[in-house]
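Reading through the structure tokens given below for one structure.
The values are calculated or read from the model by the stated rules, or taken from the named source; none is laboratory data. This is a predicted model, so every value here is computed, not measured. A quick note on method: Cβ atoms are made from the backbone with ideal geometry, for glycine too, and the neighbour counts reach across all protein chains shown. When the accessible area is computed, the model is the full protein with side chains, heavy atoms only, and any ligands, DNA or RNA have been set aside. Shrake-Rupley method; radii C 1.70, N 1.55, O 1.52, S 1.80 Å.
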Amino acid sequence: MTTPSRTHSWQKLTAHRQQLFSSGTTIADLFTGDAARFRRFSVNTGEILLDYSKNLITDETTRLLLALADEAGLQDAITAMFRADVINTTEQRPALHVALRTLLPEARLNVGEEVQATLDKMEGFVEEVQKGRWKGYTGKPISTVINIGIGGSDLGPAMVTAALVNWHVPQLHCHFVSNVDPVHMRETLATADPQTTLFIIASKSFNTLETHQNAALARRWYLDNGGDVALIARHFVAVTANVRKAQAFGIDAANIFPMWDWVGGRYSLWSAIGLPIALAVGMPKFRELLHGARLVDEHFRDTPFERNIPVIMGLLAVWHSGFCGASSQAILPYSQSLNLFPAFLQQLEMESLGKSVEIDGSPVRTATGPIVWGSAGTNGQHSFHQLLHQGTHLIPADFIGIVRSVYGQDHDQHTHLLANCFSQSQALMQGKSEEEACRELLAQGRDETFARALAKHKVIPGNKPSNTLLLRELSAQNLGSLIAIYEHKVYVESVIWNINAFDQWGVELGKQLGEKLYEALTATTASERFDASTNGLINHCRKRD
Ligand code: F6P
């Protein structure tokens, strides 16, 4: 455990960065006369290729970053994770999501049997529901599944379910309700039939306000619309580590799927939290997803760092934030199916890496996790890419492309998608000089004074770094691999920054204050207990009726 800025490698990287930047070398320059750059700065695992050649890095940069990884004890940290050491120190537990998909004979915690038993239980349940043997209170089979959860109990399953739409079974429609705004639940219920609807209450803690409110609303809706109270167990199941609370809510013990404290919420889609995924696409596909993640677990654990995708991506993120001044990171999947991937990564990255103290509680001395944002290409090109190209911020981008089209058809249109993906990373790197812009305008027959003036606005500085991840196809296996790559990349960053990637104390204060604010909003007297702004807002709402 080392404060990164105190390591030799950090000092050397600082000097190296100074030299590299002051030389005026651009990313595009690095390609000139170096035909082997793509080969040297790209790496494969399974059906995934990472091209990281479009970053402002040289062989020396990677050498120094790898030395930083060694100095930070990354290899030991990886071993510690797979061995089930207590790496989530503030919550005093391991972070063992890898055990949900990979056998860990070396682990100090033997969870293999419970993981297997849970998968078997899921399998039995999925089969019952998919084959129509799991009947609602009037004897009709289930046709609508509504997952009620938030954060890790929503984003991962929702993202994967949306991404694998090509494999959805036709007889089930899966929905996800997360927001405590009742509109979310009401709109979802508007098309549902209580006789054929199954609710999954997904909450590791079974203590989360939003989930609790939505679950109660769902139960009211079920009962108010003819649902039989005696057969409520046919319509409500839970995934939780808090069996007592789930039972108190009225869930039959037999219909509670386990979660464990050694799995963080944002790392939990591989557990029974993935039940809606399994219902949507079937257990064989869910197991394929796990297999894809397992391949990356093995790659991460066993591959030398210089060929290790999560390690390389993590080190690049450290380079960008610690040495290049980047405070945000764009995630640009060129795939409509991965539309929810940036939102999923926001929780994974920002809840894990949005930390200001090191493991021992001392303040960090370097920037930690960046702001993560993005959306599916090509849509972003017509909204925010302008800022990527000509704005004042340096924003590294991860492009994610899928080589084969999802439905195995529309190849030409899919080729346009890929062409746009590659042209954007190329444009970000190359940019356009004032001379080029001016030449273009003159060639279009523009008057010279006008051309010179307009050219200044058309300059694109370029030299913007990006990675491109290419998946051969968007299979469940490759999706599992992709997610696991990012999970491990986040861990790498946390090890280098010496922060805990597995707690999230920052979200607690808002929850505590939320309870007090609710009391004030429902009180019979005007609020005077808070600051003037908060009192003013509360009292404004109290007058609404
Ligand atoms: O936002 C905080 C958080 O604890 C997340 O880490 C978690 O994924 C989410 O709330 C939901 O928690 P639970 O599954 O316990 O309802």
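Inclusion of residue 162 among residues that are away from the ligand (no atom under 16 Å from the Cβ), buried (at least 16 other Cβ atoms within 10 Å of the Cβ) and in a helix (DSSP H, G or I) is warranted. Residue pairs whose Cβ atoms lie under 6 Å apart, separated by 6 or more positions or on different chains, with the first residue in segment 401-425 and touching a residue at least 60 places away in the same chain (Cβ under 8 Å) and the second in a helix (DSSP H, G or I), are 401/418; 401/421; 406/166; 406/337. For segment 78-99, check the following and say yes or no: at least one residue is away from the ligand (no atom under 16 Å from the Cβ) and among the charged types (D, E, K, R). Looking for residues that are away from the ligand (no atom under 16 Å from the Cβ) and among the charged types (D, E, K, R), one finds at least one in segment 78-99, hence yes.
Tell me which of these residue 307 doesn't satisfy, since it passes every other one: (1) within 16 Å of the ligand (Cβ to nearest atom); (2) open to solvent by 10 Å² or more (accessible area, probe 1.4 Å); (3) farther than 18 Å from residue 120 by Cβ. The failed condition is (1). Among the residues making up segment 445-463, those that are more than 14 Å from residue 431 (Cβ to Cβ) and in contact with a Cys (Cβ under 7 Å, 6 or more places away or on another chain) are 451, 452. When the test is whether a residue is buried (at least 22 other Cβ atoms within 10 Å of the Cβ), modelled with pLDDT of 95 or more, outside any helix (DSSP H, G or I) and on the phi < 0 side of the Ramachandran plot, residue 331 passes it.
For segment 410-433, filtered to residues that are open to solvent by 70 Å² or more (accessible area, probe 1.4 Å) and not β-branched (Val, Ile, Thr), the residue that is modelled with the lowest pLDDT is 410. Could you identify the single residue in 117, 99, 84 that is under 28 Å from residue 208 (Cβ atoms) and open to solvent by 40 Å² or more (accessible area, probe 1.4 Å)? Testing whether each residue is under 28 Å from residue 208 (Cβ atoms) and open to solvent by 40 Å² or more (accessible area, probe 1.4 Å) leaves just 117. Where helices (runs of 4 or more DSSP H) fall entirely within segment 444-545, those with at least 1 residues that are polar (S, T, N, Q) and open to solvent by less than 70 Å² (accessible area, probe 1.4 Å) are at 476-497, 532-542.
Yes/no matrix, rows are residues, columns are (1) within 16 Å of residue 315 (Cβ to Cβ); (2) of a type in the set (Lys, Arg):
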{"residue": "34", "(1), (2)": "no, no"}
{"residue": "60", "(1), (2)": "yes, no"}
{"residue": "63", "(1), (2)": "yes, yes"}
{"residue": "66", "(1), (2)": "yes, no"}
{"residue": "69", "(1), (2)": "yes, no"}
{"residue": "73", "(1), (2)": "yes, no"}
{"residue": "76", "(1), (2)": "no, no"}
{"residue": "83", "(1), (2)": "no, yes"}
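With respect to the stated conditions, residue 124 is at negative phi, small (Gly, Ala, Ser), open to solvent by less than 50 Å² (accessible area, probe 1.4 Å) and out of contact with any helix residue (DSSP H, G or I) (no Cβ under 6 Å at 6 or more places or on another chain). Screening segment 229-250 for residues that are at pLDDT 95 or above and not in a helix (DSSP H, G or I) and picking the one that is farthest from residue 487 (Cα to Cα) gives 235. Report, by residue number, each residue of segment 347-383 that is within 16 Å of the ligand (Cβ to nearest atom) and in contact (Cβ under 8 Å) with a residue 24 or more places away in the chain. 347, 348, 349, 351, 352, 353, 354, 355, 369, 372, listed by residue number. Checking each residue in segment 125-159 for being more than 30 Å from residue 342 (Cβ to Cβ), not in a helix (DSSP H, G or I) and not charged (D, E, K, R) picks out 132, 134, 136, 137, 138, 139, 141, 142, 143. Considered as a group, the residues in segment 182-224 that are part of a loop (DSSP other than H, G, I, E, B) and more than 16 Å from the ligand (Cβ to nearest atom) include one that is least open to solvent (accessible area, probe 1.4 Å), and that residue is 192.
If the condition is being under 19 Å from residue 228 (Cα atoms) and open to solvent by 10 Å² or more (accessible area, probe 1.4 Å), then segment 238-280 contributes 247, 248, 249, 250, 252, 253, 254, 255.
Taking the conditions exactly as written (within 12 Å of the ligand (Cβ to nearest atom), hydrophobic (A, V, I, L, M, F, W, C) and outside any loop (DSSP other than H, G, I, E, B)), does residue 263 satisfy them or not? No. Residues satisfying the criterion are present in segment 166-177 (criterion: among the polar types (S, T, N, Q) and either within 15 Å of the ligand (Cβ to nearest atom) or more than 23 Å from the chain's Cα centre (by Cα) (or both)).
Select from segment 54-81 the residues that are more than 14 Å from residue 493 (Cα to Cα) and among the β-branched types (Val, Ile, Thr) and write down the one among them that is most open to solvent (accessible area, probe 1.4 Å). The residue in question is 79.
None of 157, 141, 105 is surrounded by fewer than 21 Cβ atoms within 10 Å (Cβ to Cβ), in contact (Cβ under 8 Å) with a residue 24 or more places away in the chain and of a type outside the set (A, V, I, L, M, F, W, C) except 141.
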